[in-house]
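Asks: Sharing a structure, written as structure tokens. Questions coming.
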Amino acid sequence: MTPTDASDRFTGDDEFAGVEITASGHLAGVPDEFQRLWTPHRMVYITNGTQPEKHECPFCIAPTLSDEEALIVARGEHAYVLLNLFPYNSGHLLVCPYRHVAMYDQASDAEVAEIASLTQTSMRVLSEVSRNDGYNIGMNQGRVAGAGIADHLHQHIVPRWANDANFFPIIAKTKALPQLLGEVRASIAAAWPTAG
């Protein structure tokens, strides 16, 4: 396949008109058998080491938006479930109390009970929708423990599949995600049991 054929196939007829295209196998670096997946949009998350101010807390703002806009899949009385904007895997959910508290021991009994209940429901729904083989469930308490948003309590529910482990997360700190967030949110929300 000539470089022109490749550009036509992936981008359209004239996007690279007049531009010389070189196969990547001839570029600098040691050739190997790996393909590269470049995800520059993640640099915003990786390089931004600051924590948001309370009035900018995404977990306080999310419930004020529409479910679709905030990626919320279910709302309870004391807590809600939304998709992680920077997921480790497709279907990576977060369960957050509405109240702005940082640590698990600061949550009320009602918040703890609903976080637990929403976590169980999340697992059941993800199992139905995603046919996953297992889960990573947990909370990073405090910035030193790796909490991306340290001031607002949130529990991670990460579906795992037997064949989802590869070198991306270990070597490149990158995950290949097969579905768009809006599609994942819609399928999980549609499968969420209604109160009744």
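The values are calculated or read from the model by the stated rules, or taken from the named source; none is laboratory data. What you see is a predicted model; the values in this text were computed from it and never measured. Quick reminder, even Gly has a Cβ in these numbers, built from the backbone with ideal geometry, and neighbours come from all protein chains shown. Accessible surface is based on the protein model in full, side chains and every heavy atom, while ligands, DNA and RNA are left aside. Shrake-Rupley method; radii C 1.70, N 1.55, O 1.52, S 1.80 Å.
Asks: Heavy atoms only, probe 1.4 Å: what % of the accessible area of segment 48-143 goes to carbon and sulfur, would you let me know?
Replies: C and S fraction of accessible area: 50 percent.
Asks: Quick one: accessible surface of Y104, probe radius 1.4 Å, all protein chains present, in square angstrom to the nearest 10.
Replies: Surface open to solvent at Y104 totals about 100 Å².
Asks: Provide the net charge surrounding A110, with neighbours chosen by a C-beta distance below 14 Å and charges set as Lys +1, Arg +1, Asp -1, Glu -1.
Replies: Here the count lands on -3.
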